[in-house]
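> Please find one structure pasted underneath; my questions will follow.
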Amino acid sequence: MMKPTGKNNKGFIISSSGSPDAVIVIAKNAPAPVRFAAQELKYFLDRMTGNDFDIVNKKPVKGRSIILGDCPWSRTAGIDPDSVERDGYIIHISSKTVFIAGKDDESKKSKILFTFNAIRDEEFIPAVWDFERGTLYGVYWFLEHLGIRWFFPGTKGMVVPGRKDITVKPRKFTDEPHFALRCVLPNMWTKPKDLPSKNQALFPQVLFPSEYKDLAWSDKEYRLWLLRMRASSMWMAFNHRPNRHFWEKRFGKSHPEYFAISKNGKRDLKQHSPRREFSGHLCYSEKGVFEETIKDIEAYFSGKPVQSRIPFISTLHNKYNKGWSPYGAYGDTFTLLPHDSYHLAACHCKKCRSLTDDKASFESRHSKLIWNFVARVGKEIEKKFPEKKLTCLAYLTFTEIPEGLKKLPDNIIVGICPYKTCEIYNLIKHEEYNKYLNLVKRWHRMISNSLIYYIHYLPRMLGVLGGTSQAGIPSYMPHFLSKYFRDIAKYGKYVFIEEDRDGIILEHLNRYIIYKLLWNPELDIDVLIDDYLQNFYGPAATYIGKILKSIESQYVQMNLEKTDPFPIQSDIYEKYFTESLTAEYRSLADKAIKLTKGTRYEDATVLFSRYFVGALEKGRRMFLNKVQKRAK
């Protein structure tokens, strides 16, 4: 968050009467993030003013300079990027000089900034982009301060006001994000061609394939947008472990005793499991599982390549991580999270059953079994690698703290992903919200580290899985999100969100707001929304604002009144987003288009009408078709 350190009275002139009054200065040997920051700054200043700003490698004796990165000139000015948190930056503005500096990666890894057009799909994962780039993020703050906005990826999501005269007031401050991990997945919105036919049922319908063409969509633009949103440059491992480390393939034949015994008495291996995509659950009381887990962790933390433990894995994949899956092990972290669907395939051997409580709540059933294992592993690893961290989510049947566990080892990081309320819209009810916060506080007392928050924001995806689609319903609740992030900020600094991906325009505002709040949860949400409306829709802001306000009210009310723990309801379009209300949204959108015709706001308004209001209309038609088919 922003920390002011002083100011003076004279302004810094960037451009006057259409001519540049400053040059952009970077050191000759500047690292890739600083060179990229200079290109971004030049690109947008050129677009704003119609000029051609220079990038030079030496501070001119006379004239004004915008100096980027950690360099002799910034050090002489007393700027120390080492004093700033990751992704943060220091900005000093005087009448003659602007300094923008943060921590910046100097390795080969950050050169990916200059190869956007050539990178492969696997290079879009967060772990590939975990190089520091504080100066770049400072440049993006500076550009936003000048009025530039990036509401969604691509040129149609940009606002670049034309200005011939630009002067900024002097100030000095440090700006740092509150949440160190700020990640919203998927990395890219799902495109129709990316959905294999066999997996269609696992994804919500892509509502408008034409949307990608209309927006001139590309993977590069989305990755670039994440940079401009100042998404986190860090990554850590906290996802499911057995599948990431190929336990079934490694030990299924040689050590079947490592795997859970199902109710039918057979081991949870592919040939026996009815849920074969989730087979390979472990027996957490088996000595060999503990020993092999320790060996894997020690190999990784000792810097050994993945082949030292998993010979059939090539280091050509995950090349920056010696072949280890970054979702299972990364940086100073290693996950202990059981395979997904553990509640359906938990071990029924005598030892595991002695640590299982069938009479307890669903959230507590396997807590003693899983968290005792986590604590044992933590204590063992702490002896040799005291600075490294092990992660595990409080999830499904091991959501609750087990009775008798007083404190976890200091190297354990707990993730909050509770049954039912990991779906964030289920927290709207007051009693559920208080229950969730109580869980957060209790787990926070159990560890010496910040919590991870693993959040599902997938109402439409779950709707498809449940057989009744919420396609077209915007899961829009910014005021609740503002309260939520502000409240959880006290206990954790790592946030990972899984989002719907069925429409770009339908989801863009959620993602924009989330990234802003993850940087600073104290932001005034009404100011943020008003800035979006005024900058993007201009004279149509009132009409678009009315639509969004009504949608938020209806969506919140729907979640307050639903009785099912998941947002799968058959009466959504009959009770909340009715025919008359949808018609009202259409009327307001049509008025907005007329009001912005021929202005710079027309494109944004048309896109909102076509792909936001249009999504509601299409979703309603899909719903009515289902109703008619059922009636027959």
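> Restricting to DSSP H runs of at least four residues, report the calculated mean residue ellipticity at 222 nm for the chain, -39500 (n - 2.57) per run over all residues, nearest 500 deg cm²/dmol.
Using -39500 (n - 2.57) per qualifying helix, the result is -11000 deg cm²/dmol.
> If you don't mind, there's one more thing I want to ask. So in the chain, what percent of DSSP beta bridges are antiparallel if you round to the nearest 5?
For the chain, the DSSP antiparallel bridge percentage is about 40.
> Is the shape of the stretch 23-62 best called rounded, prolate or oblate, per the rule: a/c under 1.5 gives rounded, else a/b larger than b/c gives prolate, else oblate, with a ≥ b ≥ c the square roots of the Cα gyration tensor eigenvalues?
oblate
> Run a plain Debye calculation on the stretch 487-632 (Cα atoms as equal point scatterers, no solvent) and give log10 I(q)/I(0) at q = 0.20 Å⁻¹, rounded to two decimals, same order as the q list.
Treating every Cα as an identical point scatterer, log10 I(q)/I(0) equals -1.36.
> Compute the Rg to Rh ratio over the stretch 349-446 from the alpha carbon atoms, using the Kirkwood formula for Rh, and round to two decimal places.
With Rh from the inverse mean 1/r over Cα pairs, Rg/Rh is 1.00.
> Let me ask you something else. How much length, in nm to one decimal, is gained on full extension between Lys483 and Lys388, taken as 0.36 nm per residue of separation minus their Cα-Cα distance? Kindly include the intermediate steps, with their values, before the conclusion.
Details: separation 95, 0.36 × 95 = 34.20 nm, distance 3.24 nm.
Result: 31.0 nm gained on full extension.
> If you don't mind, another one. Per 0.36 nm of contour for each residue apart, how much would the distance between Arg621 and Lys322 grow if the chain were fully extended, relative to their Cα-Cα spacing?
102.6 nm
> How far apart, in nanometres, would the label points at Lys549 and Ile125 be if each is projected 7 angstrom from Cα along the Cα-to-Cβ direction?
4.6
> When the Karplus curve 6.51 cos²θ - 1.76 cosθ + 1.60 is applied with θ = phi - 60°, which whole-Hz ³J(HN,Hα) does each residue of the stretch 49-56 get, with x for Gly and Pro?
Values, residue by residue: 9, x, 9, 10, 6, 8, 10, 10 Hz.
> What is the sum of charges, Lys and Arg at +1 and Asp and Glu at -1, for the other residues whose Cβ falls under 12 Å from the Cβ of Phe398? Can you show the working numbers first?
Details: positive: Arg365, Lys368; negative: Asp357, Glu363, Glu400.
Neighbour charge sum, excluding Phe398 itself: -1.
> Eigenvalues of the Cα gyration tensor times 5, then square-rooted: what semi-axes does that give for the chain, in whole angstrom, largest first?
Three semi-axes, in Å: 43, 34, 21.
> OK, next. Distance cut-off 19 Å, Cα to Cα: go down the list Lys28/Lys96; Lys96/Lys172; Lys270/Lys304 and report the pairs above it.
Checking Cα-Cα distances, Lys28/Lys96; Lys270/Lys304 exceed 19 Å.
> Can you pull the percent of Cα pairs in the stretch 311-405 with separation above 24 Å?
Percentage above 24 Å: 34.
> Using the Karplus curve 6.51 cos²θ - 1.76 cosθ + 1.60 with θ = phi - 60°, work out ³J(HN,Hα) for each residue of the stretch 165-174 in order, rounded to whole Hz, and write x for Gly and Pro.
10, 10, 10, 10, 6, x, 6, 9, 7, 10
> Using a cut-off of under 20 Å, list every residue of the stretch 482-518 whose amide N is near the label point 7 Å from the Cα of Asp410 along the Cα-to-beta-carbon line.
492-493
> Is the C-alpha gyration tensor of the stretch 333-386 telling us rounded, prolate or oblate? Criteria: a/c under 1.5 is rounded; beyond that, a/b larger than b/c is prolate, otherwise oblate.
Prolate is the answer for the stretch 333-386, as a/c is 1.5 or above and a/b outweighs b/c.
> Related question: Per the Cauchy relation, a quarter of the hull surface: what is the mean projected area of the convex hull of the alpha carbons in the stretch 408-556, in nm²? It would help to have the intermediate numbers written out before the result.
Working: hull surface 38.1 nm².
Approximately 9.5 nm², given one-decimal rounding.
> Under a point-charge model restricted to the Cβ atoms of Lys and Arg (+1) and Asp and Glu (-1), what is the dipole moment magnitude of the chain relative to its Cα centre, in debye to the nearest 20?
Charge dipole, the chain, about its Cα centre: 760 debye, nearest 20.
> Which shape class, rounded, prolate or oblate, goes with the stretch 198-352 when its Cα gyration tensor gives a ≥ b ≥ c as root eigenvalues, a/c under 1.5 marks rounded, and past that a/b bigger than b/c marks prolate?
The shape class here is oblate.
> Okay, moving on. Can you pull the Kirkwood radius for the stretch 467-551, inverse mean 1/r over Cα pairs, to one decimal in Å?
Averaging 1/r across every pair of different Cα atoms and inverting gives 14.1 Å.
> Another question about this same structure. Please work out how much length the chain gains when fully extended from Arg600 to His348, using 0.36 nm per residue of separation minus the C-alpha to C-alpha distance, in nm with one decimal.
Values: separation 252, 0.36 × 252 = 90.72 nm, distance 6.46 nm.
Here the answer is 84.3 nm.
> What percent antiparallel are the DSSP beta bridges of the stretch 289-437, to the nearest 5?
Within the stretch 289-437, antiparallel bridges account for around 20 percent of the total.
> Compute the FRET efficiency between Ala583 and Glu431 as 1/(1 + (r/R0)^6), taking r as their Cβ-Cβ distance and R0 = 51 Å, and round to the nearest 0.05.
0.90
> Taking amide hydrogens as modeled 1.01 Å from N in the peptide plane, which residues meet the under 5 Å criterion relative to Ile452, leaving out close sequence neighbours?
Here the answer is Val414, Gly415, Ile416, since their amide H atoms fall under 5 Å of that of Ile452.
> Over the alpha-carbon set of the stretch 394-454, work out the extent along each principal axis and list the three values in angstrom, largest first.
33, 21, 18
Coordinate-derived values only; no laboratory data. This structure is a prediction, so every number in the text was calculated from the model and none was measured. Every residue, glycine as well, gets a Cβ built from its backbone with ideal geometry; the counts of neighbours run over all protein chains shown.
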